[in-house]
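Take a look at the following structure, please.
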Amino acid sequence: MRVGPLPASDVVDLGCGNGAMAPALRARFPDRVSHAVDNSPAMLDKARALGLNNAPLLADAATWQPDHPPAM
């Protein structure tokens, strides 16, 4: 997967699962707040254990709303 330039804002990994994308997102956007969003406590625990997300959130990706617009 390739992620091109994004406007300055938070990075969101919706449906983050076990956090498999977290290393790539952190490497590409090291200075941004990274939100890991998943509705499975077990998967979110695995993603959280990587220590690469600033704001892991237990929520449904279909209904979650950010506090402010993320990078898109």
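Name every residue in the stretch 29-51 that is closer than 23 Å to Asp67 by Cα and loosely packed, with under 15 Cβ neighbours inside 10 Å, in order of residue number.
Across the stretch 29-51, the qualifying residues are Pro30, Asp31, Val33, Ser40, Pro41, Asp45, Gly51.
Out of the stretch 4-20, which residues are touching a Lys or Arg at 6+ places or on another chain (Cβ under 7 Å), closer than 9 Å to Ala71 by Cα and crowded, with 20+ Cβ neighbours inside 10 Å?
The answer is Val11, and nothing else.
Then there's this: List the residue pairs whose Cβ atoms are under 8 Å apart, where the first residue sits in the stretch 7-34 and is closer than 15 Å to Ala49 by Cα, the second is loosely packed, with under 15 Cβ neighbours inside 10 Å and of a type in the set (Gly, Ala, Ser), and the two are 6 or more positions apart or on different chains.
Final answer for the pair search is Gly17/Ser40; Gly19/Ala49; Ser34/Ala55.
Let me ask something else about it. Working carefully through the options Pro23, Pro69, find the one that is surrounded by fewer than 12 Cβ atoms within 10 Å (Cβ to Cβ) and within 12 Å of the chain's Cα centre (by Cα).
Working: Pro69 fails: within 12 Å of the chain's Cα centre (by Cα).
Unique residue meeting the criteria: Pro23.
Of all residues in the stretch 52-66 being under 16 Å from Pro23 (Cβ atoms) and at pLDDT below 90, which is surrounded by the fewest Cβ atoms within 10 Å (Cβ to Cβ)?
Restricting to residues being under 16 Å from Pro23 (Cβ atoms) and at pLDDT below 90, the top hit is Asn54.
The values are calculated or read from the model by the stated rules, or taken from the named source; none is laboratory data. Treat the numbers as computed from the prediction; the structure is a model and nothing was measured. Glycine also receives a Cβ, built like all others from the backbone with ideal geometry; neighbour counts cover every protein chain displayed.
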